[in-house]
Structure formats: structure tokens, C-alpha cells
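The structure under discussion appears below in the form of C-alpha cells.
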């Protein structure tokens, strides 16, 4: 019986669907789809109205010994201004680029390009630029 349970456990570990992806927000049709997709890969502190992003994620969970996942997630999200404070919890002030070079490409054709100066934060391995006046958060999540 133990051998059967172990076999089932090992088989299910090997057959789980990989979460690996290289996805741009332009491939998703609605704001709801974009927000849902992004928040599945980079946790969101509050509901997201819309998002523009490039998510590169390599799921290393396959096989018997799972390794740490690799991620490079670049995004800008729109949230209710009343929710901005939630995005700074457990974060420390940090110097961040107000407009990283990748931001223009990701936000092209959207209303998600910040116009105001940001407040910068480090939240674990993530850098966040909070554009209070615009209700926007520029995020860069990277694992090494």
C-alpha cells in the first residue's frame, strides 16, 4: 500500500502542469485577464484595475527535487489610489529608477505610463516605484 501511495505521489509530481511562461500583456484581451495573469505570478497587495507587463518565469518544480523558480517580471499596474498604501507594507524606502528603460515598451499604447515622480521601495527581491498622483506602481521582480 505504501508503495502505491508513493508511486501516485511521484507520478502526480511529474505530471503537474508547468507554470513556465514568457508572456506579454499585449497577448491578453481584457484588463481583468491581464490583472489576473500578473497577480498569479507576482502577488498583488490589492485589486488591480489594469496592468502592462512582460512576465518571464521558469518553473523548476518538475522532477523529484524541485529547485527555486527563476523569474524576471517587469510590470506597471493601475490601482485605486486608496489602495496604494497597501503596496508599501513590509517594504523599505529605496532608490529606484523613476522610468526604467523597459517601461516605455511595456506601457506603449496604454494609459499606464506614469507622469509623476515616484516614491521608491524595496519589497523583498522586488523594486517598486509608487506613482501616487497617477495611481500607478512600477514593479520589477527578479530572482537570481
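Numbers for the structure displayed
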{"item": "Subset of segment 72-87 (residues that are surrounded by 14 or more Cβ atoms within 10 Å (Cβ to Cβ) and more than 15 Å from the chain's Cα centre (by Cα))", "result": "83, 84"}
{"item": "Residue in segment 35-43 that is touching a helix residue (DSSP H, G or I) at 6+ places or on another chain (Cβ under 9 Å), surrounded by 14 or more Cβ atoms within 10 Å (Cβ to Cβ), within 19 Å of residue 141 (Cβ to Cβ) and modelled with pLDDT of 95 or more present", "result": "yes"}
{"item": "Test: residue in segment 113-133 that is within 23 Å of residue 71 (Cα to Cα), surrounded by fewer than 14 Cβ atoms within 10 Å (Cβ to Cβ), touching a strand residue (DSSP E or B) at 6+ places or on another chain (Cβ under 7 Å) and modelled with pLDDT under 95", "result": "yes"}
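The values are calculated or read from the model by the stated rules, or taken from the named source; none is laboratory data. In this text, all values refer to a predicted model and were calculated from it rather than measured experimentally. Glycine also receives a Cβ, built like all others from the backbone with ideal geometry; neighbour counts cover every protein chain displayed.
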